[in-house]
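Worksheet: the structure to be examined is printed underneath.
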């Protein structure tokens, strides 16, 4: 069965992480967020996947060309204009071959696959089956068994359900397509999804997902294939930890990462691919993206350090998101992003970056 993953989504520019990578490529465990989304398809299929992105499909296609997933064939569709979720699916119907297919939001991570949703759709004979979860306020038509529900972001679809979607303009599945199908008495089935789920939209939800994955409170299947040491540390075979370093899990140490003598890593934390934590540096409750360098005796606490950033020796970062200071982030000098303090990289604010000990980051998107 084919699947469409809606990996664009509205980006208001308020999340600093989206300045560095598109959300589907946020590093998660030893891969990226979109790989977790693909795993959620599970027994429901998804051997051929169309990924709809909004202007950054080249980065996605480049990543998956270098990191193919066995048994999955990817196509990438670039949404040049805002079309809404139903509009995006309508535009790629030609890839779906006129057969039943799945639609999944690109930031949705599930603790159980969609096999049950697919089976219920086939029993119902509906044109559209909506995966749903409990909600205080539900859209029209989303009432089942006396409970108010809201769409989960997972659908099983027959192509004819999208005959109502215009060839141009904005059209949303939840707000427009589902009510239109109800008005015409076309089959819309609601399937309640009972397992835990998470939706990644910003730095807060991303950081929470990382903590829950490492602690085992959510998504244990995603860490099942990782090599775990007795002290709660997942360690890639190519990683290097000095004998005098102290690592207190849950901590994930990724490919070719290096933790120097006397360094201290306290979980939940991730030391990303090719990252270097130098001698006697400290990292606590933080996520280091690929190619990050934490200088000698530097301290990083409850922060997200993005691709290739160099934290200078003896400096301290706490509750920060470290981003490329050469990127434009408006006129604000700082803002609060769900518990993180983000220093704006404007020319006027660069002295603040220097005072925090941040060096020049490396360019380019790391593997």
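The listed residues are 92, 50, 103, 28, and the only one of them that is at pLDDT 90 or above and under 26 Å from residue 288 (Cα atoms) turns out to be 28.
Would you check which residues across region 235-267 are in contact with a helix residue (DSSP H, G or I) (Cβ under 7 Å, 6 or more places away or on another chain) and under 19 Å from residue 36 (Cα atoms) and list them? Of everything in region 235-267, just one residue is in contact with a helix residue (DSSP H, G or I) (Cβ under 7 Å, 6 or more places away or on another chain) and under 19 Å from residue 36 (Cα atoms), namely 252.
Counting only residues that are touching a helix residue (DSSP H, G or I) at 6+ places or on another chain (Cβ under 6 Å) and buried (at least 21 other Cβ atoms within 10 Å of the Cβ), how many does region 37-50 have? Final tally of qualifying residues: 1.
Considered as a group, the residues in region 102-125 that are in a helix (DSSP H, G or I) and touching a helix residue (DSSP H, G or I) at 6+ places or on another chain (Cβ under 8 Å) include one that is surrounded by the fewest Cβ atoms within 10 Å (Cβ to Cβ), and that residue is 115. Can you pull out every residue in region 198-225 that is surrounded by 15 or more Cβ atoms within 10 Å (Cβ to Cβ), over 13 Å from the mean Cα position of the chain (by Cα) and outside any helix (DSSP H, G or I)? Correct list: 218, 219.
Taking (1) touching a strand residue (DSSP E or B) at 6+ places or on another chain (Cβ under 7 Å); (2) under 23 Å from residue 171 (Cα atoms); (3) modelled with pLDDT of 85 or more in turn, residue 83 satisfies each apart from (1). Counting residues in region 258-268 that are in contact (Cβ under 8 Å) with a residue 40 or more places away in the chain and under 19 Å from residue 206 (Cβ atoms) gives one or more.
Here residue 193 meets the list (1) surrounded by 20 or more Cβ atoms within 10 Å (Cβ to Cβ); (2) under 30 Å from residue 312 (Cβ atoms) almost entirely, failing just condition (2).
The values are calculated or read from the model by the stated rules, or taken from the named source; none is laboratory data. Since this is a predicted model, take the numbers as computed values, not measurements. FYI the Cβ positions are ideal-geometry reconstructions off the backbone, even for glycines, and counts take in every protein chain you see.
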